[in-house]
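*Asks:* Quick one: the structure is below, and I'll ask about it shortly.
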Amino acid sequence: MNTEAYNTAQRQSIAGILLIFISSLYKLVKIFWAMGAYLLLSGPSKTTLIYTAVGLVIVTGLTLIYSYVYYLKFLFYIDYEREEFVLEKGIFSTENSAIPFDKIQQVYFKRSILQRVINVYSLVIDTAGSNQKEVEIKAISENDANRLSEILLKAKSEKVEENQIEEERVEAEDPEVWTHKVDILTLLKIGISTNYLRGLSLVFAFVVSIYNRINTYFKDRIEDVEVYFSQFSGVLQSIGYLVSLFVVLLLLSITITIIEVFIKYYGLKIQQTKDKLEVEMGLKTNTKVSLQPRRLQLMRISTNPVQKRFNLYEAQISLSSSENELQKNKIKIPGLGKEIVKKIKSFLYSNSSASQFKTTFKPDKLLLFRKISLAMVPALIFLVLWYFTALVNLQIWAVLVLAGLYIFAAIALQIFSFKARKLIFTEDFLQKKKGFWNKTEETLELFKIQSISVKQPIWYRRKNLVNIVFHTAGGDLKFYAVSNDILRYINYVLYKAEVSKGNWM
Amino acid sequence: MDPIDEDFSNEQLDLATLPQYESVAFSSVSSRYLIKMNIQTGILMLVLFIMLGVLWFFQLNQLQTGIILGIISMAFIFRFWNNYKLLQSLGYALRDKDVIYKRGFIFNKSTIIPFNRVQHASISRGIWDKILGISSLNIFTAGGSGSDITIPALDPEMAVRLKETIAVKISKDEY
């Protein structure tokens, strides 16, 4: 580096005081304007007005002092030795951040109207991760902004360069290229097979309403049986009417889903080029995403028995989100055949060899009990509503049948999905499988983790259970109530992350 | 994709010989953190008691006030006890390749962040921290808020030392 500029503590542009002053005044006004309005409307006396005015002057003065001190305390500089950008700020609570050059994602300027008026810029230094982790210098002159961003970007690129060169060498290989298109028929299949839940709820609504109708008929006509028989055809008629309504609704909902699927995924095309996977889809707004293996964080493949029959799998892919915030960092690709899923996997995880071990963990029964008791809550609410209020108007046998059915179904469902829940460690990957009907399978390359959290509520202690959360830049992977033995594999995952020199994004 | 080094080797690992994060010795934080937590809890308690007092004056009868007072007091006794337990459970440790932070008595949680995943570290001091002479160290990753850690109540010099150690580790470990 030729210059050692900004290596001593710098303050913001002097106009920054004005900016701080105005924005803090604005904040105060935002908090207290209602009080002021109330005071004015209540017809204040002269003395009150004078006191208020004096108070306002004092507050303004204090704010001015605050702004000045804040300005004095707001310091930033570049530490060339340690290769980082340092920022200190705050009066009452202070914050001291240091950003290493190679963690800088981008440096850019922002300008609000106020900043335009007093001719300063906001310089934002963005690091990977969420918004709160970026560093902002709110008042900096154009000159300083340009120079600082130039230095930082240069320092950053120097740090990253060596790594880049190696990467390009690898990419110079020549893998085969393939293209996969999802045709209209497949889209139709997706539309039909993803609709069963909505269909199911419709059936439920249908049954309930038909029951209510019969119930009211019975109630009204319970005393004279003759009339009841003459009315029976009426009931049948109304049932027929309901059935046709139901069919129409079902068709409508399927149609809507199909239209939705078409709008979202029409012309879905996946193309593998040399070093990335291009995904293109959408009727109205054409989405185009390129997937690079190194940006991949988490992949989720899901299907259900109906879709499996049609050979339809859905892939949901999380990417690291820092490089461009506008770009979607999660994309869903439906309608993939088994072979295509395999192809995508082998491309995205190209450098993985056959694993030397495979260990499967299953959650403890405690989780099953918890899930079942949670599933009982709706039944309980329903029973309470029925017993204490008139909201649910049913006879006791109907309530018992409904509750019994629900409890049976819920327990069965929970047991099956509990059995399907597992976490598999292999040499390079972590896989979580779950779901009884909707089967999903999440895959995480071990070295892509950001950190790991191990949680243990006090009631797990006796049974030596833990909850595990693997944090990645594209979301978390959680696994609950698993035996302590897993810690050995946690240490293995950490080891994998710590020895990896690979770029995780 | 990893470029393959010349000296690359890939022997099978014996999982049992890997270093175990759960058996490291943790350093505890300053006991002044208990004062800070108790002050904060105390302020909250005071506010609630004042509100209850006002309500008692205008709305409630003796019995209702007594019941609510009892409940609030129990909750705060629990809080103070929990604060104490929390302080005891707080601990952090720096290893060669990662930082470990554990906290929580009833909900114990340990987070382990490898240094080559740390984005940056910062020190923050709230108003109580300043009065009590302690600092918090924040360590950020790209993994969202659940993945970041804040170690409270460090001696200010210690916090600076830790931050600088981490800064060195980040830049050294990376490439």
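The values are calculated or read from the model by the stated rules, or taken from the named source; none is laboratory data. Predicted model, so just to flag it, every value in this text is computed and none were measured. So basically every Cβ, Gly included, is an ideal-geometry build from the backbone, and we count neighbours across all protein chains shown.
*Asks:* Looking at segment A:438-456, is at least one residue on the phi < 0 side of the Ramachandran plot, more than 7 Å from chain B (Cβ to nearest Cβ) and free of Cβ contacts under 8 Å to residues at least 40 places away in the same chain? Even if it seems obvious, please write down each step before you answer.
*Replies:* If we filter segment A:438-456 for residues that are on the phi < 0 side of the Ramachandran plot, which is where we start, we get A:438-456.
Okay, now just the ones that are also more than 7 Å from chain B (Cβ to nearest Cβ), so A:438-449.
Those left that are additionally free of Cβ contacts under 8 Å to residues at least 40 places away in the same chain: none.
Checked against the condition, which is being on the phi < 0 side of the Ramachandran plot, more than 7 Å from chain B (Cβ to nearest Cβ) and free of Cβ contacts under 8 Å to residues at least 40 places away in the same chain, segment A:438-456 yields no hits at all.
*Asks:* Among the residues of segment B:75-95, is any within 14 Å of another protein chain (Cβ to nearest Cβ), within 30 Å of A:Glu88 (Cα to Cα), of a type outside the set (A, V, I, L, M) and assigned to a strand (DSSP E or B)?
*Replies:* Yes: segment B:75-95 contains one or more residues that are within 14 Å of another protein chain (Cβ to nearest Cβ), within 30 Å of A:Glu88 (Cα to Cα), of a type outside the set (A, V, I, L, M) and assigned to a strand (DSSP E or B).
*Asks:* Select from segment A:359-410 the residues that are assigned to a helix (DSSP H, G or I), of a type outside the set (A, V, I, L, M) and farther than 18 Å from A:Lys434 by Cα and list them in ascending order.
*Replies:* In the first step, residues of segment A:359-410 are kept if they are assigned to a helix (DSSP H, G or I); the result is A:365-388, A:396-410.
From the residues that got through so far, the ones that are of a type outside the set (A, V, I, L, M) too are A:365, A:369-371, A:373, A:378, A:382, A:386-388, A:397, A:404, A:406, A:408.
Within segment A:359-410, A:Ser373, A:Pro378, A:Phe382, A:Trp386, A:Tyr387, A:Phe388, A:Trp397, A:Gly404, A:Tyr406, A:Phe408 meet the criteria.
*Asks:* Let me ask something else about it. Suppose we filter segment A:282-319 for residues that are among the polar types (S, T, N, Q) and touching a helix residue (DSSP H, G or I) at 6+ places or on another chain (Cβ under 7 Å); how many remain?
*Replies:* So the answer is 3.
*Asks:* Now a separate question. If you check A:Ser67, A:Ser97, which single one turns out to be facing chain B (nearest Cβ under 10 Å), of a type in the set (Gly, Ala, Ser) and either crowded, with 16+ Cβ neighbours inside 10 Å or not in a loop (DSSP other than H, G, I, E, B) (or both)?
*Replies:* After applying the criteria, what remains is A:Ser97.
*Asks:* Can you pull out every residue in segment A:264-304 that is exposed (fewer than 15 other Cβ atoms within 10 Å of the Cβ) and either among the basic types (Lys, Arg) or at pLDDT 85 or above (or both)?
*Replies:* A:Lys269, A:Lys274, A:Lys284, A:Lys288, listed by residue number.
*Asks:* Any residue at all in segment A:469-489 that is under 19 Å from A:Ala354 (Cα atoms), modelled with pLDDT of 90 or more, within 14 Å of another protein chain (Cβ to nearest Cβ) and not in a strand (DSSP E or B)? Walk me through it before giving the result.
*Replies:* Taking segment A:469-489 and keeping what is under 19 Å from A:Ala354 (Cα atoms), we get A:489.
Filter again for modelled with pLDDT of 90 or more, leaving A:489.
Next, only the ones that are within 14 Å of another protein chain (Cβ to nearest Cβ) stay: A:489.
Restricting the remaining residues to those that are not in a strand (DSSP E or B) gives A:489.
Yes; the residues of segment A:469-489 include at least one that is under 19 Å from A:Ala354 (Cα atoms), modelled with pLDDT of 90 or more, within 14 Å of another protein chain (Cβ to nearest Cβ) and not in a strand (DSSP E or B).
*Asks:* Now, a different point. Search segment B:19-43 for residues that are within 13 Å of chain A (Cβ to nearest Cβ) and touching a residue at least 12 places away in the same chain (Cβ under 8 Å) and pair each with any residue that is surrounded by 14 or more Cβ atoms within 10 Å (Cβ to Cβ) and outside any helix (DSSP H, G or I) when their beta-carbon atoms are under 6 Å apart and the residues are at least 6 apart or on different chains.
*Replies:* B:Tyr21/B:Ile100; B:Tyr21/B:Ile112; B:Val24/B:Ala93
*Asks:* Where residues in segment B:132-149 are out of contact with any helix residue (DSSP H, G or I) (no Cβ under 9 Å at 6 or more places or on another chain) and within 12 Å of B:Ile112 (Cα to Cα), which of them is farthest from the other protein chains (Cβ to nearest Cβ)?
*Replies:* B:Ile149
*Asks:* For residues that are assigned to a helix (DSSP H, G or I), out of contact with any Phe, Trp or Tyr (no Cβ under 6 Å at 6 or more places or on another chain) and of a type outside the set (Ser, Thr, Tyr), tally how many sit in segment A:492-505.
*Replies:* Here the count works out to 4.
*Asks:* Still on this model: Hey, does segment A:375-392 have a residue that's surrounded by 15 or more Cβ atoms within 10 Å (Cβ to Cβ) and in contact (Cβ under 8 Å) with a residue 40 or more places away in the chain?
*Replies:* Within segment A:375-392, none of the residues are surrounded by 15 or more Cβ atoms within 10 Å (Cβ to Cβ) and in contact (Cβ under 8 Å) with a residue 40 or more places away in the chain.
*Asks:* Any chance segment B:101-113 includes a residue that's in contact (Cβ under 8 Å) with a residue 40 or more places away in the chain, within 21 Å of B:Ser28 (Cα to Cα) and touching a Lys or Arg at 6+ places or on another chain (Cβ under 6 Å)?
*Replies:* Within segment B:101-113, one or more residues are in contact (Cβ under 8 Å) with a residue 40 or more places away in the chain, within 21 Å of B:Ser28 (Cα to Cα) and touching a Lys or Arg at 6+ places or on another chain (Cβ under 6 Å).
*Asks:* Then there is this: One residue is enough: does segment B:110-127 have a residue meeting the conditions over 14 Å from A:Ser451 (Cβ atoms), part of a loop (DSSP other than H, G, I, E, B), more than 7 Å from chain A (Cβ to nearest Cβ) and not hydrophobic (A, V, I, L, M, F, W, C)?
*Replies:* Within segment B:110-127 (the criterion being over 14 Å from A:Ser451 (Cβ atoms), part of a loop (DSSP other than H, G, I, E, B), more than 7 Å from chain A (Cβ to nearest Cβ) and not hydrophobic (A, V, I, L, M, F, W, C)), the answer is no, since none of the residues qualifies.
*Asks:* Of the residues in segment A:451-479, how many are surrounded by fewer than 21 Cβ atoms within 10 Å (Cβ to Cβ), among the β-branched types (Val, Ile, Thr) and touching a helix residue (DSSP H, G or I) at 6+ places or on another chain (Cβ under 7 Å)?
*Replies:* 1
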